[in-house]
Structure formats: C-alpha cells, structure tokens
Amino acid sequence: MLSVADGEGRNSVWLARRGLRVDAFDISEVGVAKARRLAAAQGVEVNFSVADCDGFAWPEAAYDGVAAIFVQFADPALRQRLFGHIRRSLRPGGTLVLQGYTPRQLVYRTGGPPIESHLYTEALLREAFADLDIVELRDYEAELTEGSGHSGHSALIGLVARRPVAAA
C-alpha cells in the first residue's frame with residue numbers, strides 16, 4: 001500500500017494498524033519525522049520517504065492499493081504527472097482511494113487550497129482515471145474534524161477505482 005503526500009502520517013499509520021505493509025512519502029522532512037514518531041508510538045512499521053511527487057521512485061505495478069487523501073497542493077500540470085504516477089504504480093487489480101475537495105469548497109473555506117484549479121470535479125477525475133474501472137465516485141458534503149487544516153462543513157469528492165486485470 002502507498003500513502004501519497006502523507007504529511008504527519010495519520011493515513012499511513014491508520015493503514016499499518018490494520019495489518020497492511022505501507023510505504024509513504026511526503027516532501028516535508030518535519031512531517032515525515034512526526035510520522036515516524038506516530039508510527040513508533042502506535043507500534044507499527046511504515047516505510048517512510050522524504051520526496052516530492054516527481055522525486056519519489058514510483059515503482060511500476062508495485063502496489064495493491066494507493067491512498068491519495070487531500071493531495072490538492074498540485075497545480076494542473078503537477079496533478080497530471082502525479083495521477084499518471086499513481087496509475088502506473090498500481091498492480092493489475094490494485095485499488096486507488098482518493099479523497100479531495102470540490103470547487104464548492106471555496107465557499108466553505110474549511111480546508112484545502114483556495115485555488116479552484118487545484119480542486120476536483122467528477123469530470124476531472126473520470127478523465128484522469130479513464131483507464132481505471134471506477135467503483136465509486138461521489139461528490140458530497142460532510143462535516144470534517146480532522147485537525148485545523150480540515151475542519152467544518154466541507155464540499156468533498158471521493159473516488160475508488162481499480163486498475164483492470166489484463167485479459168488472459
């Protein structure tokens with residue numbers, strides 16, 4: 001399992017606590033140091049790396065799952081590269097779980113980037129992951145209480161998609 005732009009490790013540690021082998025990376029050395037402390041405190045192992053989205057190794061067809069949770073720092077050009085890396089890193093049958101904000105989030109201002117081009121729409125995600133089988137794609141609103149960066153009424157979008165298994 002890979003946790004993309006994992007920050008302080010909340011997602012990777014949660015996954016590891018459920019028995020998964022997890023790789024995680026983030027650009028912030030400070031964030032990764034906090035993530036390592038969190039993993040140690042929770043008694044789990046996560047293979048953490050300090051890297052940006054272009055600098056991470058991205059092994060091809062290596063992961064049964066990729067989690068990309070609120071990775072909306074990417075402008076459209078970087079997002080295109082990032083999504084390409086994610087697709088290629090999934091094994092056939094592997095699952096992507098992606099969570100983000102929609103442009104309606106600009107009204108709520110309860111988290112996420114204040115830049116519309118960094119936010120996700122159903123059409124954007126369908127196009128970006130057209131080569132995957134979409135299991136669920138849902139645009140919805142909910143109350144978040146996930147720290148100061150993600151707190152309050154929010155306009156969200158969630159995607160679960162699988163890389164197809166090649167025909168025999």
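The values are calculated or read from the model by the stated rules, or taken from the named source; none is laboratory data. Model, not experiment: these values are computed from the prediction. Don't worry about glycine lacking a Cβ; one is built from the backbone with ideal geometry, like all the others, and counts go over all protein chains shown. Protein only, heavy atoms only, side chains kept; ligands, DNA and RNA dropped before computing areas. Shrake-Rupley method; radii C 1.70, N 1.55, O 1.52, S 1.80 Å.
GNM remark for the chain: springs join alpha carbons under 10 Å apart, and the peak mean-square fluctuation among Gly158, Gly84, Gly94 falls on Gly84. Take the chain, connect every pair of alpha-carbon atoms lying under 10 Å apart with a spring to form a Gaussian network, then pick out the residue of Ala61, Ala24, Ala35 with the largest mean-square fluctuation. Comparing Ala61, Ala24, Ala35 in a Gaussian network model of the chain, the most mobile one is Ala61. Charge dipole (Cα centre; +1 on Lys/Arg Cβ, -1 on Asp/Glu Cβ; no other charges) of the chain amounts to roughly 340 debye.
Ignoring everything except DSSP H segments at least 4 long, calculate the 222 nm mean residue ellipticity for the chain; use -39,500 (n - 2.57) per segment, divide by total residues, nearest 500. Calculated mean residue ellipticity at 222 nm is -8000 deg cm²/dmol. If a/c stays under 1.5 just call it rounded; otherwise compare a/b with b/c (prolate if a/b is bigger, oblate if not). Do that for the stretch 1-55, with a ≥ b ≥ c from the square roots of the Cα gyration tensor eigenvalues. Oblate shape, in that a/c is at least 1.5 and b/c is the bigger or equal ratio. Counted residue by residue at 0.36 nm each, then reduced by the alpha carbon distance between them, the extension gain from Glu45 to Thr145 reaches 33.4 nm. For the options Val135, Val66, Val97, a Gaussian network treatment of the chain with springs between C-alpha atoms closer than 10 Å singles out Val135 as fluctuating the most.
Within the stretch 95-168, the trypsin sites (Lys or Arg not before Pro) that combine a DSSP coil assignment with at most 13 other C-beta atoms in a 10 angstrom radius are Arg109.
Rolling a 1.4 angstrom probe over the chain with all protein chains present gives an accessible area of which 51% lies on carbon and sulfur atoms.
Using a probe of 1.4 angstrom and keeping all protein chains present, the accessible surface of the stretch 37-168 works out to 52 square angstrom per residue.
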